[in-house]
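J.: Dumping the structure here so I can ask a few things about it.
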Amino acid sequence: MGIVRTQDKHLLDPAVRPRGFGRETSEGLRILDELAAGYTFDALEKLAADGQSVIWGGQNWDSPLVYACDTIPVSFEQLWAEESRASEAIAEDLFQVPSEFCSMAKAMLGRLHVGRAKSVKRILHFGSGCEPIHSILELTKRDGYDVQTIDTVSAFKAQDKRDHAIRFLVTELERIAVWLTGKPVDHDRVAEQIHLKNTALRKVHRVLELRSRHPFYIAGEQTKRIFVGSLHQFGKPQRFIQAMDLLIEELEAIDALGPEPLTYIPIVLAGSVGNVKLFEAIEESNAGIVGWVYFGSHPYREDVPPLEALAHFVLDAQSRGDLGEGVGSSVAYRRNLVEEEVRKTGARGVISSSVTGCPYASLMQQLERDHFKKVGIPIVTLETDVHKEPPTEEQITRVKAFIEMLA
Amino acid sequence: MATHAAHHAPRKAPPSISPDLMPIHALIEAEQEAFIKEEDGLKRAGYFCSYTPPELLNAAGLRHARLFKAGTPAIVSNGERYTQSVFCDFSKSCIGGFDKDAGDPFYLAVDKLYNFHTCASMKRATEVLDSMVPTTMLNLPRLRGEESSRAFFRDEIAHFRDDVADLAGRPVTEDDVREQIVLFNKARRLIRKFSDLRKRPKPPLSGRDFLELVRGFYYLKPDALLAAYEPLYRKLSRSRGKGDGRPRLMISGSEMADGDRRLVELIEEDIGAHIVAEDHCTGLRPFTYTVCETGDPFRALADGYLDQAPCARMKPIEDPLDFSGQLAQEYAVDGVVYVYLKFCACYGATRSAFIGRFQELGIPVLEISSDYSHSDIGQLKTRVEAFIEVLNEKRFDRLLAARAAEAEAAAD
Ligand code: SF4
Ligand code: SF4
């Protein structure tokens, strides 16, 4: 409610409103930051120690099922949020994972090893994801983790969504519900959770739509948080929805004043940049991220039984190139989403980002490079690892040079 | 003895296989030539992985082959244009082989490519290939112990049948499939019998020869294969073998592509040890099972292929570990050479588990991380030689201990 509270017309006027206005005063962003701060390895471990059912994983397309089973899913991202260098070293030294593998998989293995005596000992994992994660999760069983895999099912192309794949995923999800609670799945509760998540997703969609016209109102790092929250709502769906409502109110108030003058270079970001400094470099170069392809905000179907809705959701995401490698998304299609975003927003170029050493993302980026070259859309590709270290001078220079070129 | 020049040009190299195998080698080469050139009106189908049932391709009357060549440096680097450096050289070869200007003519003759989703790298490679060649991808479950996963795989196999029938332009009945199951079982059984010959103290065929037989399985039609292999089996089974006293080795790990023979040649020809078993998907591993010949043929194929010796991508990892350990014991190997292609998550990231298992069983292991660059051949030779030396010392110690025990028993 920051905007309304000020009652200051000038602050609402985009011509005079200082950039970054929203970041300091927005109540929606404050709640978002508070949610993220409470969703950490340590905070969730405490909940688990107090008897709450908490698992690693299950925070993505499957989160409505997990919530319906009274369980909090902790995003795998938390495994490299801290001590990632030390964790990576454990994976290489103790588990002998060859150094050529990505920092993400290695950090996960090392961090799970460090936390082996903690209370969160169950891991839910979707089998269509990347191979390194499969391999390291098999190794974590040696540290006493109970790893459940939803078997590998993919719709490789849109026309490949086969009925028997939906049926199979439904039985897989029924099995997971029994693993989580010891009881058969409560379909009504899953339906409720789907409805709740759809509410959140629609709001996220609206926030992103408004943000595309006011790209400086929510900083890059916080926007990333909204995307991440769209998956699991940081374990607190209602509070997340409240944050989105506030942001919509704030952004609509600005939007009502009419279009902002285009004083910046509009760009689309594909994936996410690993470090806040890179976001800063983008903005310092006077570029605004007007379109962002990270996790989509498509809703779940509510016209089919709830477990089927989950199955359709993930298979559709795969063949759309959405939700990334975690769900085994096709590498061939993200470029369509990016191109659509460029056309919709009038962006002048694309920054495509991936994790260093991630085979899947590197292939996708090459397809994007080829494609955008063909259709005449400038693109720069970046690689960052999962360590929260400042980007290299070379990376910053590349970003700045790219944006300068677009200008 | 293989020359260094041969190592640098594996495709063009004169085959370092025994004269007994030369007729089979010639058959394979002729079939590859015909696959490319013969105007027979038949569609060509290619597939990558040993979890693909060729029974169905054959039932549809397609000309088919497993695409598992180790690419030349030029082909690998074509593939690398897409993958950058972070894929294994096999997946790069698969992409590079389809490059319309500089690919492999054998790959370019393929009308349709099939790939069961084995490892994620091959899935990604196939997604790229989809824009170069018509492609169908199919699911392959990992939880082979779960009934629902097996039923799902059965449905994927039935879908595969529909797809190949469509490609061939003719129906494929259940009876057609059953007939092929019987035929392929015969071929698999025969190859297994060849491998059993290697259990003898003096194996009548080398590891290099065995790989050639396996190669035939993936290129030749089963009836042609049986006609050529049966007389050879009779001959080899009567042979007394040679090279007694050499250490017996098993190769375990990532697939060893057609043409990737430098390690095998180094071990058998340059250094002089026997390779008597392979726990990889281009050696003995895919031949250790039989498909049920009665009942629903799609279910039989699903069960058969899931029950086959598991690749490391299967769950739980204990299954492939158990299989590997048992195979090493069954073939009474003195040591294991564990080879994984760089960037292979299936065998690279889990190497500690495999190596640990062999060590638990008291079997010495040499670990090698490899690619198709041939740049490290000198270093490789030194490491393998040192390993064989250790094995020889151990064997010698065992021999001495046995003699001493015998002498002691005689004195009593
Ligand atoms: S970065 Fe890529 S390879 Fe690594 S864990 Fe993530 S998706 Fe898998
Ligand atoms: S060698 Fe490993 S990474 Fe390469 S295709 Fe085989 S399983 Fe996949």
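The values are calculated or read from the model by the stated rules, or taken from the named source; none is laboratory data. As the structure is a prediction and not an experimental result, all values here were calculated from the model. Note that each Cβ is placed from the backbone with ideal geometry, even for glycine, and that neighbours are counted across all protein chains shown.
Matching residues to (1) more than 19 Å from B:Arg124 (Cβ to Cβ); (2) surrounded by fewer than 21 Cβ atoms within 10 Å (Cβ to Cβ); (3) more than 16 Å from the chain's Cα centre (by Cα):
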site: B:Asn58; (1), (2), (3): yes, no, yes
site: B:Gly61; (1), (2), (3): yes, yes, yes
site: B:Thr72; (1), (2), (3): yes, yes, yes
site: B:Ser77; (1), (2), (3): no, yes, yes
site: B:Phe90; (1), (2), (3): no, no, no
site: B:Ile95; (1), (2), (3): no, no, yes
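J.: In the range A:81-139, how many residues are more than 8 Å from chain B (Cβ to nearest Cβ), within 23 Å of B:Leu321 (Cα to Cα), modelled with pLDDT under 95 and part of a helix (DSSP H, G or I)?
T.: 0
J.: Follow-up question, since we're still on this one. Taking A:Gln366 as the residue in question, decide whether it is in contact with a Gly (Cβ under 7 Å, 6 or more places away or on another chain) and within 18 Å of B:Thr126 (Cβ to Cβ). Lay out the reasoning, then the answer.
T.: On the way: in contact with a Gly (Cβ under 7 Å, 6 or more places away or on another chain): no; within 18 Å of B:Thr126 (Cβ to Cβ): yes.
In short, no.
J.: Anything in the range B:119-155 that is within 19 Å of A:Glu131 (Cβ to Cβ), of a type outside the set (A, V, I, L, M) and either within 7 Å of another protein chain (Cβ to nearest Cβ) or within 16 Å of ligand 1 (Cβ to nearest atom) (or both)? List them, or say none.
T.: B:Cys119, B:Ser121, B:Lys123, B:Arg124, B:Glu127, B:Asn139, B:Pro141, B:Arg142, B:Ser149
J.: Another question, if that's okay. Is the range B:366-374 home to any residue that is free of Cβ contacts under 8 Å to residues at least 40 places away in the same chain, surrounded by fewer than 23 Cβ atoms within 10 Å (Cβ to Cβ) and within 30 Å of B:Thr52 (Cβ to Cβ)? So that I can check it myself, show each step before the final result.
T.: Within the range B:366-374, the subset free of Cβ contacts under 8 Å to residues at least 40 places away in the same chain is B:366-367, B:369.
Of the ones still in play, those that are also surrounded by fewer than 23 Cβ atoms within 10 Å (Cβ to Cβ) are B:366-367, B:369.
Pick out the ones that are also within 30 Å of B:Thr52 (Cβ to Cβ) and you get B:367, B:369.
Checked against the condition, which is being free of Cβ contacts under 8 Å to residues at least 40 places away in the same chain, surrounded by fewer than 23 Cβ atoms within 10 Å (Cβ to Cβ) and within 30 Å of B:Thr52 (Cβ to Cβ), the range B:366-374 yields at least one hit.
J.: Go through the range B:369-412 residue by residue and tally those that are charged (D, E, K, R) and not in a helix (DSSP H, G or I).
T.: Within the range B:369-412, the first condition is being charged (D, E, K, R), and the residues that meet it are B:371, B:376, B:381, B:383, B:385, B:389, B:393-395, B:397-398, B:403, B:406, B:408, B:412.
Cutting the leftovers down to not in a helix (DSSP H, G or I) gives us B:371, B:376, B:412.
Of the residues in that region, 3 qualify.
J.: Within the set of pairs 6+ apart or on separate chains, which have a first residue in the range B:42-53 that is among the aliphatic types (A, V, I, L, M), a second that is within 16 Å of ligand 1 (Cβ to nearest atom), and C-beta atoms under 8 Å apart?
T.: So the pair list comes out empty.
J.: Residues in the range A:161-183: is at least one closer than 19 Å to A:Trp61 by Cβ, touching a residue at least 60 places away in the same chain (Cβ under 8 Å) and not in a helix (DSSP H, G or I)?
T.: Yes, that holds for at least one residue.
J.: Still on this structure: Can you tell me which condition B:Ser373 does not meet? The list is (1) of a type in the set (Ser, Thr, Tyr); (2) within 16 Å of ligand 1 (Cβ to nearest atom); (3) at pLDDT below 95, and all the others hold.
T.: Answer for B:Ser373: the failing condition is (2).
Residue by residue, here is whether (1) at pLDDT 95 or above; (2) more than 16 Å from ligand 2 (Cβ to nearest atom) holds:
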residue: B:Ala65; (1), (2): yes, yes
residue: B:Val76; (1), (2): yes, no
residue: B:Tyr82; (1), (2): no, no
residue: B:Phe87; (1), (2): no, no
residue: B:Cys94; (1), (2): yes, no
residue: B:Gly97; (1), (2): yes, no
residue: B:Gly103; (1), (2): yes, yes
residue: B:Phe106; (1), (2): yes, yes
residue: B:Lys112; (1), (2): yes, yes
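J.: Could you pull out the residue among B:Val128, B:Val177, B:Val164 that is within 16 Å of ligand 2 (Cβ to nearest atom), over 22 Å from the mean Cα position of the chain (by Cα) and β-branched (Val, Ile, Thr)? Outline the logic, then answer.
T.: Values: B:Val177 fails: within 16 Å of ligand 2 (Cβ to nearest atom); B:Val164 fails: within 16 Å of ligand 2 (Cβ to nearest atom).
B:Val128 is the lone residue from the list that is within 16 Å of ligand 2 (Cβ to nearest atom), over 22 Å from the mean Cα position of the chain (by Cα) and β-branched (Val, Ile, Thr).
J.: Looking for something within 22 Å of A:Ile150 (Cα to Cα) and within 16 Å of ligand 1 (Cβ to nearest atom) - is there at least one such residue anywhere in the range B:348-361?
T.: Yes, because at least one residue in the range B:348-361 is within 22 Å of A:Ile150 (Cα to Cα) and within 16 Å of ligand 1 (Cβ to nearest atom).
J.: Any idea which residue in the range A:116-125 is nearest to ligand 2 (Cβ to nearest atom), counting only those that are of a type outside the set (D, E, K, R) and touching a Gly at 6+ places or on another chain (Cβ under 7 Å)?
T.: Kept after step one, since they are of a type outside the set (D, E, K, R), are these residues of the range A:116-125: A:117, A:119-120, A:123-125.
Applying the additional criterion that residues be touching a Gly at 6+ places or on another chain (Cβ under 7 Å) yields A:123-125.
On the way: A:Ile123: 23, A:Leu124: 24, A:His125: 19 Å.
Selected residue: A:His125.
J.: Right, here's the next one. Under 6 Å by Cβ, and 6 or more places apart or on different chains, what pairs join a residue from the range B:85-106 that is within 13 Å of chain A (Cβ to nearest Cβ) with one that is in a loop (DSSP other than H, G, I, E, B) and within 16 Å of ligand 1 (Cβ to nearest atom)?
T.: B:Val86/A:Gly357; B:Val86/B:Phe343; B:Phe87/B:Phe343; B:Cys88/B:Phe343; B:Cys88/B:Cys344
J.: In the range A:322-370, which residue that is among the basic types (Lys, Arg) and away from ligand 1 (no atom under 16 Å from the Cβ) is nearest to the other protein chains (Cβ to nearest Cβ)? Break it down stepwise before answering.
T.: Initially, the range A:322-370 is screened for residues among the basic types (Lys, Arg), giving A:334-335, A:343-344, A:348, A:369.
Narrowing the set further to residues that are away from ligand 1 (no atom under 16 Å from the Cβ) leaves A:335, A:343-344, A:348, A:369.
Working: A:Arg335: 12, A:Arg343: 21, A:Lys344: 25, A:Arg348: 26, A:Arg369: 10 Å.
Checked the range A:322-370; the qualifying residue nearest to the other protein chains (Cβ to nearest Cβ) is A:Arg369.
J.: Then there's this: Quick one: how many residues across the range B:328-345 are in a loop (DSSP other than H, G, I, E, B), more than 16 Å from ligand 1 (Cβ to nearest atom) and within 14 Å of chain A (Cβ to nearest Cβ)?
T.: We begin by selecting, within the range B:328-345, every residue in a loop (DSSP other than H, G, I, E, B); these are B:331-334, B:342-344.
If we keep only those that are more than 16 Å from ligand 1 (Cβ to nearest atom) as well, we get B:331-334.
Applying the additional criterion that residues be within 14 Å of chain A (Cβ to nearest Cβ) yields none.
Within the range B:328-345, residues that are in a loop (DSSP other than H, G, I, E, B), more than 16 Å from ligand 1 (Cβ to nearest atom) and within 14 Å of chain A (Cβ to nearest Cβ) number 0.
J.: Scan the range B:303-327 residue by residue and report those that are surrounded by 20 or more Cβ atoms within 10 Å (Cβ to Cβ), part of a loop (DSSP other than H, G, I, E, B), more than 12 Å from ligand 2 (Cβ to nearest atom) and within 14 Å of chain A (Cβ to nearest Cβ).
T.: Matches in the range B:303-327: B:Pro310, B:Ile317.
J.: With B:Arg161, B:Arg154 as the choices, which residue is at pLDDT 95 or above and under 27 Å from B:Asp40 (Cα atoms)?
T.: Only one candidate qualifies: B:Arg161.
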